[in-house]
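*Asks:* Below is the structure I would like to discuss, written out as structure tokens.
The values are calculated or read from the model by the stated rules, or taken from the named source; none is laboratory data. For clarity, every value in this text was computed on a predicted model and none was experimentally measured. Because the Cβ atoms are built from the backbone with ideal geometry, glycine has one as well, and the counts that use them run over all protein chains shown. For the accessible areas, the whole protein counts, side chains as well, though only heavy atoms, and no ligand, DNA or RNA atoms are used. Shrake-Rupley method; radii C 1.70, N 1.55, O 1.52, S 1.80 Å.
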Amino acid sequence: MITLGIDTSNLPLGIALLSEGKVLAEWTSNGEKNHSIRLMPAIAQVFKETGVPPEKTDLVAVAQGPGSYTGVRIGVATAKALAWAWEKPLVGISSLKALAHQVPFFPGLIVPFFDAKRGRLYTAAYRWSQGALEEVIPENIFHIEELVERLKEDEEAVLFLSEDAEKVRDFLEKALKAKAFFLPGEYSLPRASHIARLGEIRYLDGEKEDLLFTPNYLQRTEAEVRLQEKMGE
């Protein structure tokens, strides 16, 4: 099985191509956020470097959010277009779960998060169980203080994964003390190969999306909020 993995859900842009679980190529950029311009050339380059004809792709896997509204939308729209054009199945993967998947075998809770502004985080908590990630706290938007209170309920060690971790590290360490763990920044850089790998797992389990598949934003856009307030809803 050849799987194309796409992740534009946050600032990093990632493309990966897997064959039978082996990474044939992976490309990640963490500098610019013009994903709409750079995504298709990056995909084309990955196919060119591997020599795999694009139409030989068996599965398209894409980060479905949460994350940047624009970034998530670009990735999902592109993945849907490619899956339709190639007549191949499409699978959506949680951006949070894919990030947690990058750290196997941690003996506690893994808590990936992305900045949701105003002191809030897109986050969830996972635990490795029998070789797979088990969702302990479902993904949602939490104020950082609310998240800490949830994590205090358990005695397990907590590993935080985020490119924004340093911004809140002091707060988390003071609140959770010796329970809080962090890794160097490279472990928090999202990798499209994990989107692809989790996509393969979902597909082999009999799951896939249809072309009505939509991103998982977890919250309404500011424009939607203002419109509903204006309409008195």
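*Asks:* Among the GluC sites (Glu not before Pro) in segment 96-142, which ones are in a DSSP loop with at most 10 other Cβ atoms within 10 Å of the Cβ? Mind listing them? Spell out each step's value before the answer.
*Replies:* On the way: sites: Glu134, Glu135, Glu139; in loops: none.
Here no GluC sites (Glu not before Pro) fit, given the DSSP loop and packing criteria.
*Asks:* Also, quick follow-up: Tell me the angle of helix 69-86 to the major Cα principal axis of the chain, expressed in degrees between 0 and 90 and rounded to the nearest ten.
*Replies:* Approximately 30 degrees, to the nearest 10.
*Asks:* For the full complex of protein chains and a 1.4 angstrom probe, list Ile144, Ile15, Ile37 by accessible area with the highest value first.
*Replies:* Working: Ile144 20, Ile15 0, Ile37 115 Å².
Order by accessible area, largest first: Ile37, Ile144, Ile15.
*Asks:* Right, next: Segment 14-45: which GluC sites (Glu not before Pro) are DSSP loop and have at most 13 other beta-carbon atoms within 10 angstrom?
*Replies:* Values: sites: Glu20, Glu26, Glu32; in loops: Glu20, Glu32.
The qualifying sites are Glu20, Glu32.
*Asks:* Taking H as built 1.01 Å from N, whose amide H comes closer than 5 Å to the amide H of Leu121, not counting residues under 5 places away?
*Replies:* Ala116, Phe142, His143, Ile144
*Asks:* Looking at this model, which pairs from Lys33/Lys88; Lys117/Lys152; Lys22/Lys208; Lys80/Lys167; Lys177/Lys208 are more than 30 angstrom apart at the alpha-carbon?
*Replies:* Working: Lys33/Lys88 28 Å; Lys117/Lys152 23 Å; Lys22/Lys208 21 Å; Lys80/Lys167 35 Å; Lys177/Lys208 41 Å.
Beyond 30 Å: Lys80/Lys167; Lys177/Lys208.
*Asks:* Still on this structure, please answer the following. Quick check on the chain: what are the equivalent-ellipsoid semi-axes from the Cα gyration tensor, as sqrt(5λ), descending, whole Å?
*Replies:* Over the Cα atoms of the chain, the semi-axes work out to 30, 22, 16 Å.
*Asks:* Measure nothing but the geometry: give the 0 to 90° angle between the long axis through the Cα atoms of 192-204 and the longest principal axis through the Cα atoms of the chain, rounded to 10°.
*Replies:* 80 degrees
*Asks:* Once ligands and nucleic acids are excluded and a 1.4 Å probe is used, how much of Ser9 is accessible, expressed in Å² to the nearest 10?
*Replies:* 0 Å²
*Asks:* Are there trypsin sites (Lys or Arg not before Pro) in segment 27-115 that DSSP puts in a loop and that have at most 14 other Cβ atoms within 10 Å, and which ones?
*Replies:* Details: sites: Lys33, Arg38, Lys48, Lys56, Arg73, Lys80, Lys97; in loops: Lys33.
Answer in residue order: no site qualifies.
*Asks:* Work out the charge dipole of segment 45-106 with +1 on the Cβ of Lys and Arg and -1 on the Cβ of Asp and Glu about the Cα centre, then indicate which of Pro53, Gln102, Ser68 is farthest towards its positive end.
*Replies:* Ser68
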